[in-house]
Amino acid sequence: MTSTPGQVTFPSTAQVGTSRLRSGILGAGFIGEVHARAIRAAGGTLAAVAEATPAGSEAAARRLGASWAAPDAEALITSDDVDVVHICTPNHLHAPLVKLALESGKHVICEKPLAVSVDQAEQLVAAAASAGVISAVPFVYRYYPTVREARSRVARGDAGTLRLLHGSYLQDWLSSASDQNWRVDPTLGGASRAFADIGVHWCDVVEFTTGHRITALTARMLTAVPARQSGAGMRAVGTEDAATLLFETDGGALGSLVVSQVSPGRKNRLWFSLDGAENSLVFDQELPESLWVGSRDATRLILRGSSAMAPEALRHSVLPAGHPQGYQDCFNGLVSDVYNAVSGEPADGMPTFVDGLRAARLTSAVLASAADQSWVEVAS
Ligand code: SOE
């Protein structure tokens with residue numbers, strides 16, 4: 001990096017060559033705003049934003065502080081002014097936009113689900129590998145330091161052989177017939193809604209912390225709200241509000257999962273318990289500042305940021321203990337890992353398109369099992 005004599009330069013981690021990484025965001029809703037904050041926290045610059053219309057792009061660029069408003073997705077993706085494309089659109093657009101970004105030689109962070117079918121996801125994994133770029137899917141719950149602490153304790157053998165992996169992911173934002181969202185429509189969100197949207201997070205973070213892989217599952221689905229308000233009328237709902245799973249793993253454990261977007265009072269409650277021969281480890285996304293560790297003679301709360309945590313768990317602990325970190329910090333950590341990987345510094349635990357394909361395979365198995373109430377094997 002050249003600098004004028006006397007000028008102190010602080011090379012940003014987020015740079016390619018001598019320039020700072022420039023990012024573009026497709027889709028500026030809630031999650032697009034989260035990505036924008038994470039881009040800046042990671043030292044990147046928000047070069048462009050594209051929404052569904054040029055006017056929408058202009059408004060979004062002003063709201064997010066982007067350098068320019070792209071008239072459409074293709075203009076953003078093909079611009080020489082963008083190094084990394086963040087795809088935050090409805091699910092049915094992910095695959096074509098990822099494909100164009102990879103063909104344009106861009107690094108890609110694509111919101112989950114990566115694709116609405118296993119075939120599409122397989123094609124995107126292959127395309128990313130041949131393009132030789134960094135490709136990521138924001139399974140961001142991996143970035144809680146207390147999740148990494150659970151992973152460290154399992155890897156060290158502190159928990160002993162894991163026997164039961166169980167929990168739930170509960171939300172309530174679709175619990176009323178007046179609640180509407182594009183995900184309810186399978187032509188926009190895909191055939192599965194609740195499991196594909198949040199059940200995949202639970203499965204990813206539990207497989208990530210344990211090293212186990214789900215090898216077989218049986219699932220049931222529930223559409224608790226059969227019709228939802230749509231304009232002046234009501235529209236029948238074809239996707240699930242909730243799902244329950246039983247599963248087996250390659251590590252000999254049994255598991256269960258309840259996924260719901262219709263559980264009043266639960267806002268974003270991803271919760272899991274890893275029950276081993278020596279310890280049980282419990283994580284609660286709504287109380288992420290501590291990891292519960294239970295044994296026969298005592299229980300402990302391992303405080304995020306404390307000296308009780310392993311070094312690899314502290315990697316994303318950016319504030320002192322007692323200064324709570326949260327969801328946005330997880331996103332900041334993920335984007336920072338992606339930018340470091342772009343700069344040639346790969347990071348442990350960064351979720352890639354391969355993890356997006358994993359999620360597609362689990363979703364396909366859940367749909368197949370729920371259709372005929374069978375046990376279904378899951379390809380690893
Ligand atoms: C809505 O269910 C949602 O925003 C998901 O799409 C996210 O992946 C999850 O992290 C929070 O809830």
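Only the coordinates and a few stated rules stand behind these numbers; no lab work does. This is a predicted model, so every value here is computed, not measured. Methodologically, a virtual Cβ is constructed for each residue, glycine included, from the backbone with ideal geometry; neighbour enumeration extends over all protein chains shown.
General observations
- Residues whose amide H falls under 5 Å from that of residue 352, counting only those 5 or more places apart or on a different chain, are 137, with hydrogens built in the peptide plane.
- Counted by neighbouring Cβ atoms within 10 Å, the residues 187, 78 run from fewest to most as 187, 78.
- Distance between the pseudo-spin-label points of residue 307 and residue 319 (7 Å out from Cα toward the beta carbon): 2.3 nm.
- Computed E for residue 374/residue 67 - FRET, C-beta separation, R0 51 angstrom, nearest 0.05: 0.45
- Charge dipole (debye, nearest 20) of the chain; +1 at Cβ of Lys and Arg, -1 at Cβ of Asp and Glu: 560 debye
- Karplus-derived 3J(HN,Hα) values for region 335-350, using 6.51 cos²θ - 1.76 cosθ + 1.60 with θ = phi - 60°, are 5, 4, 4, 5, 5, 5, 5, 4, 8, x, 10, x, 10, 4, x, 6 Hz; glycine and proline are entered as x.
- Along region 64-77 the Karplus relation, 6.51 cos²θ - 1.76 cosθ + 1.60 evaluated at θ = phi - 60°, assigns HN-Hα couplings of 9, x, 7, 5, 8, 9, 7, x, 7, 4, 4, 4, 5, 5 Hz to successive residues, with x for each Gly and Pro.
- The charge dipole of region 8-140, taken about its Cα centre with unit charges on the Cβ of Lys, Arg, Asp and Glu (plus for the first two, minus for the last two), comes to roughly 460 debye.
- Counting neighbouring beta carbons within 10 Å and listing from fewest to most, the residues 278, 248 come out as 278, 248.
- Cross-link partners for residue 267 among the lysines, with Cα-Cα distance under 27 Å and sequence neighbours closer than 8 places in the same chain left out: 112.
- Peptides 227-237, 57-67 ranked from most to least packed, by the mean per-residue count of other Cβ atoms within 10 Å: 57-67, 227-237.
- Extension reserve of the residue 187-residue 268 stretch, reckoned as 0.36 nm per residue once the Cα distance is removed: 26.7 nm
- Residue-averaged [θ]222 nm for the chain, counting only DSSP H segments that reach four residues, each worth -39500 (n - 2.57): -9500 deg cm²/dmol
- Here the Debye sum runs over all C-alpha atoms of region 8-140 as equal scatterers in vacuum, and log10 of I(q)/I(0) at q = 0.10, 0.19, 0.20 Å⁻¹ comes out as -0.29, -1.04, -1.14.
- Percent of beta bridges antiparallel (DSSP, the chain, rounded to nearest 5): 65 percent
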